[in-house]
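One structure is given below, encoded as structure tokens.
Where a number appears in this text, it was derived from the coordinates with a stated rule and is not lab data. The model shown is predicted, which means the values in this text are computed figures rather than measured ones.
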Amino acid sequence: MDNLVTSNIRQRPIRTLVSVAGIALGVSLVMLFTGLARGMSNDLQRRASNVRYELIFMRPGSVNITSMTANLDTRYVERLKAIDGVEEALPVYRHIYQGSRGFGFEQIDGLDWQAYSRMNGLSIVEGRGPQDAKEVVIDETKARNNNLRVGDLIKPIGTDDYRVVGIYSPESGARVKMTLSVLQKANEVEGKCTFIFLKLRNPDQVEEIAARINQELPGNTIQPTRDVFTSFEKSIPYLGVFLRVLVGLAAVVSALVVMLAMYTTITERTREIGILKAMGASRAYIVGVIEKEAILISFIGLIAGFIVSLIAGYLIQKAYGLIFEYSWQWALVAAAIGLVGGILGALYPAWRASNLDAVNALAYE
């Protein structure tokens, strides 16, 4: 039977290639989308975990996943410092701009570099901190993904060139940072910021001091920093539903491709099936031959899908700086989609072949 299965696959290379491509497409879609969601989520969490300020003070609705608004007056800084329990207040203007490679969005923070780096344990590994009007610092991941070095020029705001004067580590917040006043002036929002980071004298009094600030300055949003920049999946509504729908569609595509290929091959091999039945082949034998062929095609498509997703993820990350992190859980789901989809897709054609009348099949031209 095994020789018959491999011979059938070799005899029809175009049909086999189309079937393998269909399986590989479903597998690679699942791997790429889930890898991107996981990579971006973990990236945001890593950067947020390196922010050591306990509270963030902002206006309602100023922080979203795709937009940041500079609608908070920086004069709040002095009022916040006067509240008992607040040790330090740092205004930050977070600006979102189109990625340097024309895909996606990136963020830049305008802030006091010395104060921010001291509080969060950041250090310059190459170059120095920003000082002049057209200077920025970037983290090591940004430098590595975009092949940037100290002295290179980037365009984080409009069409103006800004020189990279330093590379810092570890990653924290936005990957690109510059002085607050320069970013405010460039976007014509002098005296405004997006939010204010608050360092508390006693980090264990987060809820108590947040309530105290809300009482002193009502109408604003005060949240623990760890809760603001949540995971990627939670930040985008229905992303989990989208991923589950994608998995379902991938399974349907895989099953339909295999079913169409197997259904076509039944027509092509009608006379062959008639010969097998005339020689005494049982229905179970014929179903087994077709199902084995489908399993082998699905397995080849599964391997091809994994290879395509790994290569595509690497090329996309190099070209656009997007981060992919694959997981064994989703790899198993993708494998199940490819194999189960192929088995179920071949089930009806196999059943139909097993029920062919031997005399009519032998007379088929």
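Close amide H pairs (under 5 Å, H built 1.01 Å from N) link residue 87 with 199, 200, 201, residues at least 5 positions away or on another chain. Remark on residue 94: its backbone amide H falls under 5 Å from those of 110, 194, 195, a criterion applied only to residues 5 or more positions apart or on other chains, H modelled at 1.01 Å from N. Structure note, pairs 134/185; 134/318; 81/155; 81/134: Cα-Cα distances above 23 angstrom occur for 134/318; 81/155; 81/134.
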